[in-house]
Amino acid sequence: EDKVVQSPLSLVVHEGDTVTLNCSYEVTNFRSLLWYKQEKKAPTFLFMLTSSGIEKKSGRLSSILDKKELFSILNITATQTGDSAVYLCAVEANNDMRFGAGTRLTVKP
Amino acid sequence: DAGITQSPRHKVTETGTPVTLRCHQTENHRYMYWYRQDPGHGLRLIHYSYGVKDTDKGEVSDGYSVSRSKTEDFLLTLESATSSQTSVYFCATSLGPGEQYFGPGTRLTVT
């Protein structure tokens with residue numbers, strides 16, 4: 001059965017810290033891996049990764065995929081209180097999109 | 001924001017009653033999806049559509065049906081609501097495989 005596992009489930013840091021969120025997967029016919037940010041409403045898209053070893057970057061956020069080891073990481077540098085959210089990893093395989101349970105990040109002032 | 005609205009935004013209903021949730025999009029996206037989100041489970045795909053009248057089951061389709069008679073509308077029906085269907089339901093759309101845009105969600109409580 002396809003599955004996506006995120007770790008840690010929750011994380012509390014202070015402003016300015018750097019965090020790394022993990023996503024591992026086991027799916028059939030992998031197509032892409034996506035990261036979303038969810039505050040108190042709908043998820044919003046961050047990155048889509050399809051190739052191993054190519055870093056995607058947007059401001060303080062970056063992500064990379066390892067298709068051999070079947071995982072991805074999302075890095076956030078110089079965290080701010082506005083980064084507090086649930087970060088979701090999703091893997092697209094065939095016509096299905098499987099989400100992980102999410103990592104709840106809390107950034108304290 | 002892909003211009004996605006969901007209605008109703010909140011609903012309380014009784015066990016055994018039918019419920020229909022509506023998703024409306026203004027972006028002419030081909031694909032539409034219904035998810036439910038529960039604590040500890042993340043988002044789980046219920047049904048999806050890859051065009052008008054073309055739908056397929058997702059990971060947790062039991063107890064749900066969908067219809068798509070127009071590009072812009074995707075309806076999710078709970079034929080006979082149960083307490084286990086209490087959840088937050090999200091609609092999403094996409095042009096094709098990959099990035100999806102999510103609606104604001106519908107909080108459904110089945111008592």
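Just so you know, all these numbers are worked out from the coordinates, no wet-lab data involved. Here the structure is a predicted model, which is why all the values come from computation and not from measurement. Methodologically, a virtual Cβ is constructed for each residue, glycine included, from the backbone with ideal geometry; neighbour enumeration extends over all protein chains shown.
Quick notes on this one:
- Dipole-positive endmost among A:44, A:61, A:24 within the stretch A:17-64 (Cβ charges, Cα centre): A:44
- Centroid-to-centroid separation of the stretch B:1-55 and the stretch A:28-74 [C-alpha atoms, Å]: 24
- Calculated FRET efficiency for the pair residue A:58/residue B:26, C-beta based, R₀ 30 Å, to 0.05: 0.70
- P(r), alpha carbons of the protein assembly as shown - 5 Å bins starting at zero, rounded %: 1, 7, 15, 19, 18, 16, 12, 7, 3, 1, 0
- Net +/- balance of residues flanking residue B:95 in space, Cβ distance below 9 Å, scoring K and R +1, D and E -1: -1
- For the stretch A:39-103, trypsin sites (Lys or Arg not before Pro) are listed when DSSP marks them as loop and at most 15 other Cβ atoms sit within 10 Å of their Cβ; the list is A:40, A:41, A:60, A:67, A:68.
- Point-charge dipole on Cβ atoms (K/R +1, D/E -1) for the stretch A:11-98, about Cα centre, debye to 20: 220
- Hits among lysines - C-alpha to C-alpha of residue A:57 under 30 Å, sequence gap 8 or more where chains match: A:3, A:37, A:40, A:41, A:67, A:68, A:108
- Mean partner shielding of peptide A:43-51, defined as the number of other chain Cβ atoms within 10 Å of each residue Cβ, is 3.
- Per-residue 3J(HN,Hα) values for the stretch B:99-105, derived from phi via the Karplus relation 6.51 cos²θ - 1.76 cosθ + 1.60 with θ = phi - 60°, read 3, 10, 10, 9, x, x, x Hz in sequence order (x marks Gly and Pro).
- Put a plus charge on the Cβ of each Lys and Arg, a minus charge on the Cβ of each Asp and Glu, and nothing anywhere else: the dipole of the stretch B:1-63 about its Cα centre is then about 120 debye.
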